[in-house]
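*Asks:* Have a look at this one.
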Amino acid sequence: MESVTKKHLQVKAPGRINLLGEHLDYNHGIVLPAAIDKYITFDFYRSEDPAICIEALDVNERWEFQLSTLKDLKTSTWKNYVKGVFLLMGIDQLAPALKIGLHIKFSSTIPIGAGLSSSAALCCGLAFGLNEFFGLGKSKMDLALIAQQTEHQFAGVKCGLMDQVASLFGKEQQLLAFNCVTQELQHFSFPLKGAKLFLLDSRVKHNLAESAYNKRRAQLEAAFEQAQQLFPTLSNWSALSTEMRAQLLPILDTETAARLSYVLDEMQRVNEVQKLCHHLDLDIHNDDNDHIEQALKNIGSLLSQTHTGLKDLYEVSCAELDFLQSNLIKLPGIFGARMMGGGFGGCLLVLATENFDTTQDLAELTAQYFQKFDIHTLCYSIQLADGVHLTTHD
Ligand code: GLA
């Protein structure tokens, strides 16, 4: 266990975006996320005192605990995630035997509540660091599953696996195609010539987000059982043919039918956008500017269609996001935009021309937004970045 002799490790864990495939990770689809250059940075220090001290520098909070009592401690906010990761990694069994303690400090540049998966970054970064520190030899996929279970068991959110996979497996300038049925994972380049992605943060997060999320998941799971009664060999939603869809939708209640229609439409958009990205790559290679522009328009239009589906069929948007999105896509230089992540607030993902000026060109819209909702938006420029990694150790 050579790595236990390490005195200090630094780990960076990124947030994520998702190009398309929203709410498909727990609905048997393919999702297209990427890690971004916004991080939680953790410093792990070995200590002789066999206790754990963890400091959340941004909120100026410090938590000290004994591993032997961790299981029974009542926690809230970020401490839920820490507790979950420590217990699910089995650190409470391991560390006391080794007679070593840990002092961890972390701070973040991922905006909280903006739908950029800061909680996944927290769990993945912590799990990755503990794995390195104690030389546990777990694979990145093991860590992703532990981070997901932490959300399920310690935060009560029955999330899919997209955020954790993006945070752990991201690669600079690349998107991931993650097949949530087979867990197959492919990186592909997302070259943007003459265009850029940015995030427009509505700065709202409505309270019902978690319960509404779990409700949608349960609704679709129940619908899948109904589908299997009709089609006993159906193994997942992506295997549902057009004919089967036509048979199934009328027997579902209207709300569930709308939710399922969104899922099936989104699966098609994911297929289309994957082809478009592939062509875009070739067009850039061949310097074919007309085709590049057309591909960008098509990708933008898919983003906007996804927003409409999330708003009208899956019903996870909100007035603030809809106001921003519907006005944004009328502006010159915008190819398309959509709400991103679980919903009920957070950011819009926007595809725009490279020279779109996010201060000047958005000034009027953000002023109108302020007038209507009394909230100032924020804009983040983003680069697709590497997943969780070690930056230093000694
Ligand atoms: C949240 C969840 C993810 C995923 C998205 C919606 O971010 O954590 O698992 O379901 O919402 O695509």
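The values are calculated or read from the model by the stated rules, or taken from the named source; none is laboratory data. Just so you know, these numbers come straight off a predicted model, no measurement behind them. Cβ sites come from the backbone with ideal geometry, for glycine too, and all protein chains shown count toward neighbours. Just the protein is used for accessible areas: all its heavy atoms, side chains included, with ligands, DNA and RNA removed. Shrake-Rupley method; radii C 1.70, N 1.55, O 1.52, S 1.80 Å.
*Asks:* Dividing the convex hull volume of the Cα atoms of region 265-388 by its residue count, what figure in Å³ per residue is obtained?
*Replies:* 130
*Asks:* How much net charge surrounds TYR369 when only other residues with a Cβ under 15 Å from its Cβ are counted (Lys, Arg +1; Asp, Glu -1)?
*Replies:* -3
*Asks:* Mind listing the long-range amide H neighbours of ALA195? Cut-off is under 5 Å, sequence gap 5 or more, other chains count too, H placed in the peptide plane at 1.01 Å from N.
*Replies:* GLU354
*Asks:* Long-range amide H contacts for ILE100: which residues qualify at under 5 Å (H placed 1.01 Å from N, peptide plane, sequence gap of 5 or more or a different chain)?
*Replies:* none
*Asks:* So who's got an amide H within less than 5 Å of the one on GLY336, skipping anything under 5 residues away but keeping other chains? H placed 1.01 Å off N, in plane.
*Replies:* Long-range HN contacts for GLY336: LEU351.
*Asks:* Convert 10 °C to kelvin, take the viscosity as 1.306 mPa s, use the Kirkwood radius over C-alpha pairs of region 18-107 as Rh, and evaluate the Stokes-Einstein diffusion coefficient in µm²/s, rounded to a whole number. Walk me through the numbers before you get to the answer.
*Replies:* On the way: Rh = 15.3 Å.
After rounding, the answer is 104 µm²/s.
*Asks:* Return the whole-Å distance between the Cα centroid of region 321-394 and the Cα centroid of region 169-210.
*Replies:* About 13 Å separates the Cα centre of region 321-394 from the one of region 169-210.
*Asks:* Once you have the Kirkwood Rh of region 134-210 from its Cα pairs, apply Stokes-Einstein at 4 °C and 1.567 mPa s and quote D in µm²/s. Present the calculation step by step, with values, prior to reporting the outcome.
*Replies:* On the way: Rh = 15.1 Å.
Rounded to a whole number, D works out at 86 µm²/s.
*Asks:* Based only on Cα atoms, what Rg/Rh ratio does region 172-221 have, Rh being taken as Kirkwood's radius?
*Replies:* 1.12
*Asks:* Three principal axis extents, largest first, for the C-alpha atoms of region 16-174, in Å?
*Replies:* 47, 29, 29
*Asks:* Which loop GluC sites (Glu not before Pro) in region 36-120, with loop taken from DSSP, have no more than 13 other Cβ atoms within 10 angstrom of their Cβ?
*Replies:* Within region 36-120, the qualifying GluC sites (Glu not before Pro) (loop, at most 13 other Cβ atoms within 10 Å) are GLU48.
*Asks:* Follow-up. Using the Cβ atoms and a cut-off under 13 Å, what net charge is assigned to the surroundings of GLU210, where Lys and Arg are +1 and Asp and Glu are -1?
*Replies:* +4
*Asks:* Give me the net charge for the shell around THR41: Cβ to Cβ below 15 angstrom, other residues only, Lys and Arg +1, Asp and Glu -1.
*Replies:* -3
*Asks:* May I ask you to evaluate 6.51 cos²θ - 1.76 cosθ + 1.60, the Karplus curve with θ = phi - 60°, for each residue of region 38-52 and list the ³J(HN,Hα) values in order in whole Hz, giving x for glycine and proline?
*Replies:* 10, 9, 9, 10, 10, 10, 10, 10, 6, 10, 7, 6, x, 10, 10
*Asks:* Taking Cα pairs under 8 Å and at least six residues apart, what relative contact order does region 277-383 come out at, in percent?
*Replies:* 19
*Asks:* How large is ³J(HN,Hα), in whole Hz, for each residue of region 270-282 in order, when computed from phi with the Karplus curve 6.51 cos²θ - 1.76 cosθ + 1.60 and θ = phi - 60°, using x for Gly and Pro?
*Replies:* Along region 270-282, the couplings run 4, 4, 4, 5, 5, 5, 4, 5, 5, 5, 4, 4, 5 Hz.
*Asks:* So how exposed is SER68, as accessible area in Å² (1.4 Å probe, rounded to 10)?
*Replies:* SER68 has an accessible surface of roughly 100 Å² with all protein chains in place.
*Asks:* So what J values fall out for region 222-234 if you push phi through Karplus, 6.51 cos²θ - 1.76 cosθ + 1.60 with θ = phi - 60°, rounded to Hz, Gly and Pro as x?
*Replies:* Once rounded to whole Hz, the list reads 5, 5, 5, 5, 4, 4, 5, 5, 6, 10, x, 8, 5.
*Asks:* Rounded to the nearest whole Å², what accessible area per residue is found for the chain with the 1.4 Å probe?
*Replies:* Spelled out: the 1.4 Å probe surface of the chain, per residue, equals 43 Å².
*Asks:* Right, something else. What do you get for the angle between helix 289-312 and the principal long axis of the chain? Use alpha-carbon atoms, 0 to 90 degrees, nearest ten.
*Replies:* On a 0 to 90 degree scale, this one is about 80.
*Asks:* Here's something else I'd like to know. Which loop GluC sites (Glu not before Pro) in region 102-183, with loop taken from DSSP, have no more than 15 other Cβ atoms within 10 angstrom of their Cβ?
*Replies:* On the way: sites: GLU132, GLU151, GLU172; in loops: GLU172.
Answer in residue order: GLU172.
*Asks:* Show ARG259, ARG217 ordered by accessible area, largest first, where the area counts protein heavy atoms only and the probe is 1.4 Å.
*Replies:* Ranking ARG259, ARG217 by accessible area, largest first, yields ARG217, ARG259.
*Asks:* In addition: Return the carbon/sulfur percentage of the accessible area of region 55-181, one whole number, probe 1.4 Å, all protein chains in place.
*Replies:* 48
*Asks:* Let me know the charge dipole size of the chain about its Cα centre in debye, to the nearest 20, where only the beta-carbon of Lys, Arg (+1) and Asp, Glu (-1) is charged.
*Replies:* Dipole of the chain, to the nearest 20 debye: 820 debye.
*Asks:* Translational diffusion coefficient of region 243-306 at 20 °C, 1.002 mPa s, Stokes-Einstein with Kirkwood Rh over Cα pairs, in µm²/s as a whole number. Don't jump to the answer; show the numbers that get you there.
*Replies:* Details: Rh = 13.5 Å.
Using the Kirkwood radius from Cα pairs, D works out to 159 µm²/s.
*Asks:* Please report Rg (one decimal) and Dmax (integer) in Å for the Cα set of region 351-394.
*Replies:* Just the Cα atoms of region 351-394 yield Rg and Dmax of 16.9, 53 Å.
*Asks:* Suppose a student asked you for the relative contact order of the chain, using Cα pairs under 8 Å spaced at least 6 residues apart; what percent would you report? Provide the component values of the computation, followed by the final result.
*Replies:* On the way: 770 pairs, mean separation 103.0, N = 394.
About 26 percent, as a whole number.
*Asks:* For region 80-221, what is the relative contact order in percent, using Cα pairs closer than 8 Å and at least 6 residues apart in sequence? Mind showing how you got there, number by number?
*Replies:* Details: 120 pairs, mean separation 33.7, N = 142.
For region 80-221, the relative contact order is 24 percent.
*Asks:* Out of all DSSP beta bridges in region 1-140, what portion is antiparallel? Express it as a percent rounded to 5.
*Replies:* Counting only bridges with both partners in region 1-140, antiparallel ones make up about 80 percent.
*Asks:* Evaluate the distance, in nm, between pseudo-label points positioned 7 Å from the Cα of SER139 and of ASN236 along their respective Cα→Cβ axes.
*Replies:* 1.6
*Asks:* Further, regarding this structure: Just the Cα atoms of region 156-271, one point each, no solvent: what log10 I(q)/I(0) does Debye give at q = 0.23, 0.24 Å⁻¹?
*Replies:* Treating every Cα as an identical point scatterer, log10 I(q)/I(0) equals -1.36, -1.39.
*Asks:* Next up: In Å, the Kirkwood hydrodynamic radius of the chain over pairs of distinct alpha carbons?
*Replies:* Details: mean 1/r = 0.0453 Å⁻¹.
Hydrodynamic radius (Kirkwood, Cα only) of the chain equals 22.1 Å.
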